[in-house]
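Contents: one structure, followed by commentary.
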Amino acid sequence: MTSATTYPQLTGEYTLDAAHSRIGFNARHAMVTKVRGSFNEFTGTATIDGDAPEKSSAQVIIQATSIDTRNADRDGHLKSNDFLSMDEYPTITFTTTEIKQTGETEFDVTGDLTVKDVTRSVTIPFSFEGSAKDPFGNDRVGFEGSTTISRKDYGITWNAALETGGVLVSDKVTLEFEISAIKNV
């Protein structure tokens, strides 16, 4: 684990390593269980300022069509106009607007999340998981974080009532980030 006193060595430009990262989500289904999924195609960059973390920044572009909940019918419905309207809005983006260190290894990362044609500010609490030189000589950093959003805030309102009361899909969706990034040489 890298301590706060060694953050300056992390300063630099990074590229997200999609093969070793996960951008996922979960939402309550039928009021009794959670459906989990992920986006399998995304790119991202980060600029880390180890001396002044608040000057750091990041951008992530997710290919919405890469949604994967391990069920082809459900994925097809999520791609439709009922949910993400992927033909019209093929990407989901997140661009940082502020980074605030809240603990030795904790950061609140605030940015503009754009889903469909709606952009809203969200704050994601992240923890710095460490840095390492991998077997290929790459300098690598890891961060994990999650936050809960309202899908209705992004114009995603489709639902179905249940006979027993409640609805098929919760309004609240938890976004999950497990990020590995490689320092650009």
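Under a 5 Å amide H to amide H cut-off, with H placed in plane at 1.01 Å, what residues pair with Asp17 once short-range neighbours are removed?
Residues meeting the amide H criterion: Ser180, Ala181, Ile182.
HN-Hα J couplings of the stretch 135-144 from phi, Karplus 6.51/-1.76/1.60, θ = phi - 60°, integer Hz, Gly and Pro as x?
After applying 6.51 cos²θ - 1.76 cosθ + 1.60, I find x, 9, x, 7, 7, 10, 10, x, 9, 10 Hz.
Per residue, how much accessible area does the chain show when a 1.4 Å probe rolls over the protein heavy atoms, in square angstrom?
54 Å²
For the chain, set up a Gaussian network in which alpha carbons nearer than 10 Å are linked by springs, and say which option among Asn40, Asn138, Asn26 fluctuates the most.
Asn138
Assigning unit charges at the beta carbon (Lys, Arg +1; Asp, Glu -1) and nothing else, what dipole magnitude in debye, to the nearest 20, does the stretch 18-110 show about its Cα centre?
The dipole of the stretch 18-110 has a size of about 460 debye.
Per residue of the stretch 102-107, in order, report the coupling 6.51 cos²θ - 1.76 cosθ + 1.60 (Karplus, θ = phi - 60°) as ³J(HN,Hα) in whole Hz, putting x for Gly and Pro.
Karplus values, whole Hz, x for Gly and Pro: 10, x, 4, 10, 10, 9.
Please enumerate, by chain and number, the lysines with C-alpha under 29 Å from the C-alpha of Lys133, excluding those fewer than 8 residues away in the same chain.
Cα-Cα hits under 29 Å: Lys55, Lys100, Lys183.
Return the distance in nm (one decimal) between the two label points of a simple spin-label model at Arg120 and Asn71, each offset 7 Å from Cα along Cα→Cβ.
2.4 nm
Is it possible to state the helix-based mean residue ellipticity at 222 nm for the chain, with each DSSP H run of 4+ residues giving -39500 (n - 2.57), the sum divided by total residues, to the nearest 500 deg cm²/dmol? What is it?
It comes out at -1000 deg cm²/dmol, rounded to the nearest 500.
Can you give me the Kirkwood hydrodynamic radius for the stretch 14-74, using every pair of distinct Cα atoms, in Å to one decimal?
13.7 Å
Of Asn138, Ile182, Ala18, whose Cα points farthest to the positive end of the dipole of the chain (charges on the beta-carbon: +1 Lys, Arg; -1 Asp, Glu; origin at the Cα centre)?
It is Ala18.
Between Gln101 and Thr15, what's the calculated FRET efficiency when r is the beta-carbon distance and R0 is 25 Å? Round to 0.05.
0.65
Quick one: with all protein chains in place, what share of the accessible area of the chain is carbon or sulfur, to the nearest percent (1.4 Å probe)?
Looking at the chain in its full context, I get 50 percent from C and S.
Along Cα→Cβ, 7 Å out, is where each label goes; now give me the distance between the ones at Gln63 and Ile182 in nm to one decimal.
1.8 nm
At each listed q (0.12 Å⁻¹), what is the log10 of I(q)/I(0) that the Debye formula gives for the chain modelled as equal alpha-carbon point scatterers?
With one equal scatterer per Cα and no solvent, log10 I(q)/I(0) is -0.61.
The values are calculated or read from the model by the stated rules, or taken from the named source; none is laboratory data. Model, not experiment: these values are computed from the prediction. Note: ideal-geometry Cβ built from the backbone for every residue, glycine included; neighbour counts use all protein chains shown. The protein model used for the area step is the full one, side chains on, heavy atoms only, and it has no ligands, DNA or RNA in it. Shrake-Rupley method; radii C 1.70, N 1.55, O 1.52, S 1.80 Å.
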